[in-house]
Amino acid sequence: MIFSRYKLGPIPAADWPMILNHFAMENISLNASWWSLRIELECYLVYPLVLLLRRWMNLKPIMLGATLMSIGILLLFVNINNVPWQTPIYGRAMLWAEWMFGAYLAEFGVTQRLGKVAWVGFGLTLTVLVLNAIGWLPFPSAQAYTLTIVLMAFLFAGMLAYKPADGWLNRRLSGLGLISYSFYLWHQPQIFKAISYLHTAGMPQNGVLDIFVGGIVTFIVIYALSWVLYKFIELPSVKIGERLWHRLTAPQQAASA
């Protein structure tokens, strides 16, 4: 991302503090998509606690607990007239609730095939979003963002319930899913650069045309880049982790044998 920003030119001295802050995951501005890295790190640090709770109960009460926690924090700490996303404690709670909802939906969907439940949830969530869009249920932006994530989760769970796993669409989605994290990390600011280059090449400035054509160009470039990163960065990293884990557990396995 540093190369993408500065090419082979010198990095201004005033930018070095900003770049070094990235290692602390603070003030991330090289790429707007990286705002989530700190939240992801927090989630993975607490993940062992979730696994421990999972040994004693299923994910449903854990998910419900996370949801109630987020609602309680909303009622206690946030003025509804403000944007909750700007309140760190509320933002954390909502993101944790989304994370636990995703874990519950994934486990339940794999083991029981959500089917009609997923489509009912999709319909209800879509109805709420439509009512919000026309002004009947004025949600702050953070809640609308959360509901959109829930909507897409129900959509994919419903699709998986009725479509064979080896079907053409699911194979395509699975291939995109493998590289989805790299895709997410790289789509900004590349899409805006692509649109800027297209304007320089003579494409007229038009909001719909910008997103459509710029989106296609960016999709192709980032798709290829994400596959390279997946093959040569992510998969080797997983193998290194497996070797390290084997070294750590080998003495215990030998002792138990």
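Here are the numbers for this structure:
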{"item": "Inter-probe distance in nm under a simple model that places probes 7 Å from Cα toward Cβ, at Val238 and Ala14", "result": "4.4"}
{"item": "Relative contact order of region 165-249, pairs being alpha-carbon contacts under 8 Å that are 6 or more residues apart, as %", "result": "37"}
{"item": "Partner lysines for Lys239 [C-alpha distance under 22 Å; skip if fewer than 8 residues away on the same chain]", "result": "Lys231"}
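Rule-based calculations on the coordinates, nothing more; no lab input. Note that this is a predicted model, so its numbers are computed, not measured. Every residue, glycine as well, gets a Cβ built from its backbone with ideal geometry; the counts of neighbours run over all protein chains shown.
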